[in-house]
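*Asks:* My structure is below; once you've seen it, I'll send some questions.
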Amino acid sequence: MRGTERFLADAAARGLDVQLVERAAASSLEEAARIMGITPADIVKSLVVKHRDGSFLFALVPGDRQISWPKLRALLGVNKLSMPSADIAFEATGYERGTITPLGSSKPWPVYADASIAGRRISMGAGEHGFSAFVKADSLTEALGAIVADISDPI
């Protein structure tokens, strides 16, 4: 099954209203935002984070922010987290970097969303290059059972 099909099937199974859009390739987050007529803050990156125990989680962070490792470690009560290589992230989710999303992931890892996305309509990866999805952030976090917390810092 194609990445967008997995994405849409999972969204539908969760009763989540998403709008899938095809878009031109972009060489940067800023260019992707320009193409879609939104700000970089409206693009939410789905980042795969590896626990020391070998499990993973998704961190949803706006494009104009970055993961705050101290905040995320404190929230999880751990002292070590890392970003896996692209190959390991693919093995953990079934998605290539730049297309990763918790929706349709090959494994349902826990989701942590930065509190700054609350109340907004966001864009996110949709499982394949050349596609993005628009969704209400509050509906997304509820459908995923995400923990919403301050997990980021400005870039």
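*Asks:* Being crowded, with 19+ Cβ neighbours inside 10 Å and closer than 23 Å to E22 by Cβ is the requirement here; does I151 meet it? Quick ask: steps written out before the conclusion?
*Replies:* Working: crowded, with 19+ Cβ neighbours inside 10 Å: yes; closer than 23 Å to E22 by Cβ: no.
When the stated conditions are applied, I151 does not pass them.
*Asks:* Could I ask something else about it? Touching a Phe, Trp or Tyr at 6+ places or on another chain (Cβ under 7 Å) and β-branched (V, I, T) - does that describe any residue in segment 58-68?
*Replies:* No - not one qualifying residue is present in segment 58-68.
*Asks:* Take I122 and decide whether it is under 22 Å from R6 (Cα atoms) and at pLDDT 95 or above.
*Replies:* Working: under 22 Å from R6 (Cα atoms): yes; at pLDDT 95 or above: yes.
Yes.
*Asks:* Do you know which of the residues in segment 42-55 that are more than 13 Å from the chain's Cα centre (by Cα) and not basic (K, R) is modelled with the highest pLDDT?
*Replies:* Per the stated criteria, the residue is S55.
*Asks:* Same structure, new question: Can you confirm whether segment 80-92 contains a residue that is of a type outside the set (A, V, I, L, M, F, W, C), within 25 Å of M1 (Cβ to Cβ), at pLDDT 95 or above and in contact with a Gly (Cβ under 6 Å, 6 or more places away or on another chain)?
*Replies:* Scanning segment 80-92, I find no residue that is of a type outside the set (A, V, I, L, M, F, W, C), within 25 Å of M1 (Cβ to Cβ), at pLDDT 95 or above and in contact with a Gly (Cβ under 6 Å, 6 or more places away or on another chain), so the answer is no.
*Asks:* Considering each residue of segment 1-36, count those that are at pLDDT below 95, among the small types (G, A, S) and surrounded by fewer than 12 Cβ atoms within 10 Å (Cβ to Cβ), and give that number.
*Replies:* 4
*Asks:* Now for a different question. Mind telling me which of the residues D64, D53, D87 ends up being surrounded by fewer than 14 Cβ atoms within 10 Å (Cβ to Cβ) and over 18 Å from S105 (Cβ atoms)?
*Replies:* Working: D64 fails: surrounded by fewer than 14 Cβ atoms within 10 Å (Cβ to Cβ); D87 fails: over 18 Å from S105 (Cβ atoms).
Criteria check complete, one pass: D53.
The values are calculated or read from the model by the stated rules, or taken from the named source; none is laboratory data. These numbers were taken from a predicted model, which means no experiment stands behind them. Neighbour counts are summed over all protein chains in view; Cβ atoms, including those assigned to glycine, are modelled from backbone coordinates with ideal geometry.
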